[in-house]
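Throughout, read-outs are computed from the coordinates displayed, never taken from laboratory work. Bear in mind that the values here come from a model prediction, so they are computed numbers and not experimental data. A quick note on method: Cβ atoms are made from the backbone with ideal geometry, for glycine too, and the neighbour counts reach across all protein chains shown.
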Amino acid sequence: MPLSPPQDSLIDDLVLANKILHRYGIVDGYGHVSARLDSNAGNFLLSRSKAPALIERTDIRVHDFSGAMHGDGAPYLERFIHSEIYKARPDVHSIVHSHSQGSIIFGVTGRRLRPIYHMSGFLGSGSPIFDIGDVMGDSDLLVSSPELGGALATTLAGQSCALMRGHGMTVVGASIQEAVFRAVYTEKNAQMQLQAGRDGDIKYLSPGEAELTAALMARSIDRTWQLWVKEAEHDRHGS
Ligand code: MN
């Protein structure tokens, strides 16, 4: 399916998002990031199955909301995370799925991942935990069907991050930039919450503070994005 010029920048940003998420340890050989295609309702962009840091423009494929991938190559098994959340959340324009360390730890202890500083106010009152065992008993833990993707979307509800027990997390945003920002700061928050918790009781952001700081940071995401792009390009070209 040919992509028109306005979507070219979306593809560029998606490729950069993969490299940034790898650079910040959110993804490794696994994990993925997608972007909704506004100009083509019911479709989104996601790479064919490949390690994020190795993804180039030619790897990006159009997927539809049934989870079908258009074009050659093998699709990610967990593409239904993306298709089902886009269906359920019209406000979401980008989704990151990762197996980051902090998300795993909070997903298995049952302790709520809550915002401990102003950069992660988007975590609100705390991240819900999707337990795939509640949906289908023993499994390989992958969200590899529309039904499982739908169950994850139900757990996520209106929030920005859902932890996935024994697996990782899925983070959403209104743009690629916002989804990447939230994924990076969710992991930072998790690591700091773990460290702070060892020293005593944590005073978390109040719900009001979480809301106000989330609104504030949402307005300056581009500043961080520009820095991260520069770093990613430097890694690539050494200039
Ligand atoms: Mn996964």
- prompt: How far, in nm, would the chain grow between Glu147 and Ala51 when pulled straight, counting 0.36 nm per residue and subtracting the alpha carbon separation?
  reply: 32.0 nm
Separation in nanometres of the label points that stand 7 Å from Cα toward Cβ, at Lys87 and Asp235: 3.3
query: Taking the Cα-to-Cβ direction at Asp64 and at Asp138 and moving 7 Å from each Cα, how far apart do the two end points lie in nm?
result: 3.7
- prompt: How far apart, in nm, are two points set 7 Å out from the Cα along the Cα-to-Cβ line at Thr109 and at Asp28?
  reply: 2.0
query: Going through the DSSP H helices of the chain, which span 30 Å or more along their own axis at the Cα atoms while scoring at least 1.0 as a mean Kyte-Doolittle hydropathy?
result: none
message: Taking 0.36 nm per residue of sequence separation and subtracting the Cα-Cα distance, how much length would be gained by fully extending the chain between Gln195 and Leu212, in nm to one decimal?
response: 3.6 nm
field: Distance from the range 195-231 to the range 138-169 (C-alpha centre basis), Å
entry: 24
query: What is the pair-distance distribution P(r) of the chain, computed from all Cα-Cα distances in 5 Å bins starting at 0, with each bin given as a whole percent?
result: 1, 7, 15, 19, 20, 17, 12, 6, 2, 1, 0, 0
- request: Using θ = phi - 60° and the Karplus relation 6.51 cos²θ - 1.76 cosθ + 1.60, list the HN-Hα couplings for the range 112-127 in order, rounded to whole Hz, with x at every Gly or Pro.
  value: 6, 7, 10, x, 9, 8, 5, 6, 10, x, 4, 6, x, 8, x, 7
Net lengthening on full extension, Ala174/Ser39 (0.36 nm per residue, minus Cα-Cα): 47.1 nm
